[in-house]
Each structure stands twice: as C-alpha cells, then as structure tokens.
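Below is one structure, written out as structure tokens, with a few remarks after it.
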Amino acid sequence: MASEGVTKLVETTSESKHKVIDDIVKKMEPLKEKHMHFRNECKTWISTRNLLNSELKELAEKIKTIKSQRDVVNDEVRNLKSSRDKLREDISKKQDKANALITDLKQIHPENRGNLNKTKTALEELEWKFQTSSLDMKEENKMLIQVKGLEEQLSRLQQVRGIQDAVTGEKTEITSIRKNAQSIHKHLLGGAEASQKLHEEMMQSVTKLKETKSKADEAHQKYLHAKTQAEKAEGELIANTIEMKNLRKEFYGNEEAERLKKANEFTAKLLESGSTKLGKGRKISLEEFKALMEHKKI
C-alpha cells in the first residue's frame, strides 16, 4: 500500500503535491480544535471531580462527628432509662410493702383502735391514783385490772401507731422516689429528642454524601471520556503530522534539506516561545501549538 502511494505521488504535478499537503493541513485544523476542546473538558471535569471529592471528605468527617455525638447522647439516655426503671422498681416494692401494712391495719379489731395519747394519759393518771390513794383490797384489785387493761390497750395502740408510721414513711419515700423518677424521665425524653435530631441531621448528611458521590463518579467518567477523546485526537494529529513530513520528503527529496534545516531552526524557536508562554499561562499561536504537538511537549 505504501509503494502504491509513493508511485502515485511521484506522478503528481507540483501543484497537486501542494494540494495533497494542503488537504492534510486542512484536515488537521479541526483535529487541533477537537484536541484542545477535550483537553479543556478534561481540566473542567477533573476540577469538578476534585471539588466534589473534597466535599465528600468534609461530609464524611461531619457524619463521623454527628454519629459520635449521637452515640454519647444515646449512652446517656440508656443510663437514664436504667436509673428510671430502677426507681420505678423501688416504688413498686415500697407500694407493695405499704399495701401490706394497710392490710394489717384493716385487720385490727375496732376495739383495739383509739387515741394513743389519751390512753397513755389515762394509764398514767390511774397509776398515780393507785400509788397515792389508800384503797381497800377490793378497790385495789379493781384498779389493777383497769391498769392491766389500759397497758394492754396502750401496747396494741402503739403497735397500730408503729404500722401507721411505717405506712407514712413508705408513702413519703414513694413520693420522693417518684419525683426523682419523673425528673429523670424528663431528662430522658430530652435526651431522646436530642438523639433523634442528631440522627436526622446525620441521615441528611448521608443522603447528601450519596448524591455528591454520584456527581463525583459522573464527573470522573466524563473526565475519562474527554481524556480518551483528547488522546484519540492527539494520535490522529501525530499520524497526520508524520504523514505530512513523509510526503514532503517524498515530494521534494534532498533539495528540501536546506529548507528543512531552516524550518527546524524555526521550529526550535517556536518550541522555546511556546513552552515559555504555556509556563506563564499565556495563549500560544497555531504554529507554536503545531511545533509542541509534533515534539509531544503537550
């Protein structure tokens, strides 16, 4: 195929030779634009991807922090719940004890109930009367029976008073424990609410992280596509450049040597000026671009 091309080229006129080379040059122009377009696309998408990846990192750190805060609050809620349940258990036990004491009180016969202080005073007065009065045997025995009866009644009333005091003590403790349990429950509800808010905030960040990751992946895929297209255009440019150089060599032979020497010197200058401009972020000329492309400087 190469020999057929050379034969055909040898038979062409000087004008047609120039036309063949001009056609290649014209063919390279859109390739250069395509190459630059996709190189710019690469820069755009890689910049977008990197920004999104930075956002992903920030979101991941934010989620980690919120999760840590939520876990601390959840631990506090669990501890409060445990304390509250323990107090409720204590209340239940004390209530059972108070109910049992109340049952005992209800089982005491009515005759064993009365005013403890009045009974105590009556007994003291009777004892004083017994000690200070001159009584005959019959009256003395009668008074002793009364004393014994009052003593027995006082003993039963003291027992009743002890049960009543115990019931009152249990109820007082139940009231105190219940207030404490209610206070803990209030803090528990506040902690649960704070935990829920942190969880919702974390899930919002997780949703945003997923969306951002999807965008970052899309930007990366577009970068890879642009990179492939830029490399494809670059390959075609290099192939056309090589073809053009070979054609010039075939068309003009050694008589072109001097011109090529000067062209090489000019190309060297273009390479130097083009590299300098690129280093400073300045726009390069088409000739500088061609020279840099041919020597794979860009």
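The values are calculated or read from the model by the stated rules, or taken from the named source; none is laboratory data. Not measured: the values here are computed from a predicted model. Positions of Cβ are backbone-derived with ideal geometry, glycine not excepted, and every protein chain shown enters the neighbour counts.
Rundown of residues vs (1) buried (at least 16 other Cβ atoms within 10 Å of the Cβ); (2) touching a strand residue (DSSP E or B) at 6+ places or on another chain (Cβ under 8 Å); (3) charged (D, E, K, R); (4) at pLDDT 95 or above, yes/no style:
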position: Asn115; (1), (2), (3), (4): no, no, no, no
position: Leu123; (1), (2), (3), (4): yes, no, no, no
position: Leu135; (1), (2), (3), (4): no, no, no, no
position: Asn141; (1), (2), (3), (4): no, no, no, no
position: Gln204; (1), (2), (3), (4): no, no, no, yes
position: Glu211; (1), (2), (3), (4): no, no, yes, yes
position: Glu218; (1), (2), (3), (4): no, no, yes, yes
**OP:** Within region 160-171, work out how many residues are touching a residue at least 24 places away in the same chain (Cβ under 8 Å) and closer than 18 Å to Gln107 by Cα.
**Re:** 6
Original post:
List the pairs whose first member sits in region 262-288 and is on the phi > 0 side of the Ramachandran plot, whose second member is surrounded by 10 or more Cβ atoms within 10 Å (Cβ to Cβ) and in a helix (DSSP H, G or I), and whose Cβ atoms are under 8 Å apart, counting only residues at least 6 apart or on separate chains?
Top reply: none
Subject >> Selection status of Asp104, under 18 Å from Ile177 (Cβ atoms) and either without any contact (Cβ under 8 Å) to a residue 60 or more places away in the chain or within 27 Å of the chain's Cα centre (by Cα) (or both) >> reply: no
**OP:** Please state which one of Ser195, Ser155 is surrounded by 15 or more Cβ atoms within 10 Å (Cβ to Cβ), in a helix (DSSP H, G or I) and of a type in the set (Ser, Thr, Tyr).
**Re:** Ser195
Subject >> region 176-187 residues that are part of a helix (DSSP H, G or I), paired with ones that are of a type in the set (S, T, N, Q) (beta carbon under 9 Å, 6 or more apart) >> reply: Asn180/Ser83; Ala181/Ser83; Ile184/Ser83
Original post:
Among all residue pairs at least 6 apart or on different chains, which show Cβ distances below 7 Å where the first residue, located in region 198-209, is on the phi < 0 side of the Ramachandran plot and the second is in a helix (DSSP H, G or I) and of a type in the set (Lys, Arg)?
Top reply: Leu198/Arg70; His199/Arg70; Met202/Lys67; Met202/Arg70; Ser205/Lys62
Original post:
So which residues in region 33-72 are charged (D, E, K, R) and surrounded by 17 or more Cβ atoms within 10 Å (Cβ to Cβ)?
Top reply: Lys34, Arg39, Glu41, Arg49, Arg70
**OP:** Can you confirm whether region 210-219 contains a residue that is under 29 Å from the mean Cα position of the chain (by Cα) and among the β-branched types (Val, Ile, Thr)?
**Re:** yes
Subject >> Candidate set: region 58-78, residues that are under 8 Å from the mean Cα position of the chain (by Cα) and not β-branched (Val, Ile, Thr); chosen: the one farthest from Lys213 (Cα to Cα) >> reply: Lys67
Subject >> Hey, Ile145 surrounded by 12 or more Cβ atoms within 10 Å (Cβ to Cβ) and of a type outside the set (S, T, N, Q) or not >> reply: no
Subject >> Meets criteria (touching a residue at least 60 places away in the same chain (Cβ under 8 Å) and part of a helix (DSSP H, G or I)) for Leu51 >> reply: no
**OP:** Count, please, the residues in region 162-213 that happen to be charged (D, E, K, R) and within 30 Å of Glu58 (Cα to Cα).
**Re:** 8
Subject >> Qualifying residue in region 215-234 (condition: in a loop (DSSP other than H, G, I, E, B), out of contact with any Leu (no Cβ under 7 Å at 6 or more places or on another chain), closer than 30 Å to Leu52 by Cβ and not aromatic (Phe, Trp, Tyr)) >> reply: no
